[in-house]
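These notes are about the structure you will find just below.
Read-outs: derived from the displayed coordinates by stated rules, not from any lab. Keep in mind it's a predicted model, so treat the numbers as computed, not measured. When we count neighbours, we look across all protein chains shown, and the Cβ atoms used for this are built from the backbone with ideal geometry, even at glycine.
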Amino acid sequence: MATVHLRIGDLVWGKLGRYPPWPGKVVSPPKDLKKPRGKKCHFVKFFGTEDHAWIKVEQLKPYHPHKEEMIKINKGKRFQQAVDAVEDFLKKAKGKEQNSDSKAESKGKKTRNKPLKILEEDDEDLSALKDPSEKTVKDDPHFHHFLLSQSEKPASSMEPISKRLKITEEDTGSTSIQAADSTAINGSITPTDKRIGFLGLGLMGSGIVSNLLKMGHVVTVWNRTAEKCDLFTQEGARLGRTPAEVASTCDITFSCVSDPKAARDLVMGPSGVLQGIRPGKCYIEMSTVDPETITEISQVITSRGGRFLEAPVAGSQQLSNDGMLVILAAGDRTVYEDCSSCFQAMGKTSFFLGEAGNAARMMLILNMVQGSFMATIAEGLTLARATGQSQQTFLDILSQGQMASTFVDQKCQNVLQGNFKPDYYLKHIQKDLRLAISMGDTANHPTPMAAAANEVYKRAKALDQSDNDISAVYRAYIH
């Protein structure tokens, strides 16, 4: 962002770290709050939140000239609420800018004096400082480092458990989930004292392990390609020599591998997890596999006295890195509760879906929809080109309509830029489509859309796109 000259009371767009620009107002900092040394910056209060931050001048833009631009690239519900709060503020101010921060920027309501939550621009985690007497949640991926006051509700067995700053035991016995970008250092997360094992350091597993370590968990890692463990041992992880050793030395062992065969081999193969399972040991299967594989693994783990949970994750490499995955869990409810701090670290929301196999079914349905949707987007882009229409205009129109989403924008940009660096492997979404179609056959339910999409992905694989991003399915239409 370009450097701008601003005064107290000016409305701005402020950007912190990797997060999107957010509407705010330049305000006077508290007298006892010192300005960061060596930085030209302004103190900003953000609309729709109680957050404040010192923002470098080059990370600020005037509000009005860039309003349309920002609204176009940011689509989150919380973001729209913040923009609405700005417009409400402007109406109530009647064109007169306010130089104090004594009025609320949302709905004209007055707020009580509270300790300011100040976000540090150089803090990678951007943990918000909050009045410890309050409960907060973070439920929007477009702006998940700002914390909004919400009412706490107990979670039923089929309800999502959303991130909060503090761990609290509800009457139902379920454990609330806290924010992934809070840290154990500032006391907002209490990592479990159980020893954690993690098997599989691929696109998803790497981000998960990084966040587990960041939150203060004691983690032992293993990967088929041992070199991938080096980065994590440098960050404090312990190294396991075999899956059996990890399972035997850890209280809770997670695995996240590529497909059903890899998942079974990891458990039942030579030096596999099963050899390290003892009564009370917990095993969590995070791989996206079919329900039959889950049933088989669950049976062999519990036959040794172990406790089993499946917990596949919805998301991508970027969401894994950001600790913003959606976790679908099923199986032993007590294991789910024991893993609460781990799920806090890796995801923004978790769902408990009942008996083992249910999470696998739900995950395959979700990925079936995502894979089919991506193939349709690719088909639309190529048809636009074939009929002489601008692909960029097609994307611009999509982004302004009902189908607007971060997913659509990112994947279309991948295509337009010819950048197919994997965020989710094409070969894995094709595997998920195949498994979903098989699941439909078992249930005697037709899946013609998924079957058609599957054929397109198979063609993309034949064109050597397996290890590219799912958006590379586009290439199946142009060759």
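Restricting to bridges with both residues inside segment 303-424, how much of the DSSP beta-bridge set is antiparallel, in percent to the nearest 5?
Details: 4 of 9 bridges.
Among the beta bridges of segment 303-424, antiparallel pairing accounts for roughly 45 percent.
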Debye intensity ratio in log₁₀ form over the Cα atoms of segment 320-461, taken at each q of 0.08, 0.11, 0.17 Å⁻¹: -0.29, -0.53, -1.08
Against the rule of thumb 2.2 N^0.38 Å, how large the Cα Rg of segment 254-300 comes out: 1.04
Two-decimal ratio, segment 188-308, of alpha-carbon radius of gyration to 2.2 N^0.38 Å: 0.98
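On full extension of the chain, what length is gained from ALA404 through ASP251, given 0.36 nm per residue of separation minus the C-alpha to C-alpha distance?
Stretched fully, the ALA404-ASP251 segment lengthens by 50.8 nm.
With Cβ to Cβ distances under 13 Å as the rule, what net charge do the other residues near MET362 carry (K, R +1; D, E -1)? If you can, show how the numbers build up before the last one.
Working: positive: ARG361; negative: ASP290, GLU310, GLU355, ASP432.
Counting the neighbours of MET362, the net charge comes to -3.
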Positive-end residue, segment 284-409 charge dipole about Cα centroid, Cβ charges, pick of VAL300, MET362, MET324: MET324
